[in-house]
Every structure is written in C-alpha cells, then in structure tokens.
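Taking it in order: structure first as structure tokens, then the write-up.
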Amino acid sequence: MNILLLEDDVILQEIIEEFLVEKGYEVESFFDGEKALDAIGSSSYDMLLLDVNVPHIDGFEILSYLREIGNTTPAIYITSLAGIEDLKKGFDLGADDYLKKPFELEELNARIEHIVRLYRLQEEIEFDGMKFIPKAHQIFLDDGVIEMRQKEAQVLEYFIRNTGKIISCDEIIENIWDDENIPAHATIRTYIKNLRKMFEKEYFENIKGEGYRFNII
C-alpha cells in the first residue's frame, strides 16, 4: 500500500517513514505542501498522512482542494493543532481521522489499519486469471502490472461486479460520481475506451442504444 506523508519536521518525518516501511508500506515523504499536492496529482496513493502547518500550502488547504475535485483518498491528519475547532475543521474538510502530536507510532499504525479495513484498501478481485486491487488502481499480470487512474479503476470495478449485465452510462454515473461532479456521457465512453486499450481481450461489449456489458471470455 502506497502512503503519502507530508511532514515538515525532518526528524519526525524520518521516524514515521522508517516505521511505516518496516510495517510493509511504501512511503513517499514531502516537507512542502505544494510539492505534495503536485505528487498527488501525478501519482496514485492509497492513503494520505497530512501535517497542517507546512510550507506554501497547508494540510487543510490540500484536503479541501482534493475533496472539491472528487479525490476520495483516505486521509489522516497528524498535527500539533490540538484545539477542538481545528479537529472539527479537519473532519469537516473530509479527513478520516485526526491524530494529535505527540503520538505513539503504534497508535498511528492502528489507525491506518482501521482505515484499511474500513475502506477495504487491500481487497483483491480476481477475473480471467488476473488480480485486480481496486483501491490501488492496479491489475497484476504474470508479466507485469497495469496502472490506471482512480476513476478508471472505479468504473472497471463496477463492471466486474456486474459481469454479464447491460450497464448504461447513467447507471455508471449514478453509482460512481457524486451529484456535484456529474460527467457527460462522452466522458464515460472515454473511460471505457481507455480501459479497452489496457487489455488484449475485448471484455466490453457495446450494446447499441443501451450501454455496455462486461463479459469474461
């Protein structure tokens, strides 16, 4: 599981990163909020650990922006801001947990494991001899890995869980997007076109005038 860590205290960042790596996580660490946000935009993370008071863009601003654009990556604040108003603000912005400094590393791990279970971040789906981990946006093949974007993974997961059923663009939108970010049907067709290119086999059958059907061949 890939974790982004934003922490501008050099020593604490090293301690947390070393601890999480020993627990088997992949960790990318940042001191600067702007660089962390750039990384989130260009890479895929399963969880965000965010300090608040960091250079350039603070942790509150980062999560506020991510939630506004529909990024639902689970996030835990790790911060010295201990006031009830700060805690409330963190949750109002869409945080999944809020851990006040100083804290025990094992407590951080326990909170991470809770979110992993809650969101089934390690859940695997097997189809046609392949292993798909939706939350990691990855499909594992015998000779490599298929990487995809978050929405592509969500669309593929929905089709796999409804194998053999004709699914319209409206149904996909209703079950994957929220009411404030409704895409056009052309956008859905683009996602399906991109998914088709990832596989040697043709899993997506176009049912004219109705939608698409995912078939395990």
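Number of residues in the stretch 26-44 that are in a loop (DSSP other than H, G, I, E, B) and either of a type outside the set (S, T, Y) or out of contact with any helix residue (DSSP H, G or I) (no Cβ under 8 Å at 6 or more places or on another chain) (or both): the value is 3.
Across the stretch 169-179, the qualifying residues are those that are over 19 Å from the mean Cα position of the chain (by Cα) and open to solvent by less than 40 Å² (accessible area, probe 1.4 Å), and the one among them that is nearest to G209 (Cα to Cα) is C169.
Screening I182, I188 for residues that are over 27 Å from V21 (Cβ atoms) and open to solvent by less than 40 Å² (accessible area, probe 1.4 Å) leaves exactly one candidate, I188. In this entry, I125 passes the filter for residues that are open to solvent by less than 60 Å² (accessible area, probe 1.4 Å) and of a type in the set (A, V, I, L, M). For the stretch 69-112, a residue qualifies if it is surrounded by 12 or more Cβ atoms within 10 Å (Cβ to Cβ) and either under 21 Å from P134 (Cβ atoms) or in contact with a Pro (Cβ under 8 Å, 6 or more places away or on another chain) (or both), and the qualifying residues are G70, N71, T72, T73, P74, A75, I76, G94, D96, I112.
Just to be sure, is K135 within 27 Å of E200 (Cβ to Cβ), touching a residue at least 12 places away in the same chain (Cβ under 8 Å) and touching a Leu at 6+ places or on another chain (Cβ under 7 Å)? Judged against the criteria, K135 is a match. Restricting attention to the stretch 41-68, the residues that are more than 22 Å from Y25 (Cβ to Cβ) and surrounded by fewer than 20 Cβ atoms within 10 Å (Cβ to Cβ) total 10.
The values are calculated or read from the model by the stated rules, or taken from the named source; none is laboratory data. Small disclaimer: the values here were computed from a predicted structure and weren't measured. With ideal geometry, Cβ positions are generated from the backbone for all residues, glycine too; neighbour counts draw on all protein chains shown. Just so you know, the surface numbers come from the protein's heavy atoms only, side chains and all, with ligands and any DNA or RNA stripped out. Shrake-Rupley method; radii C 1.70, N 1.55, O 1.52, S 1.80 Å.
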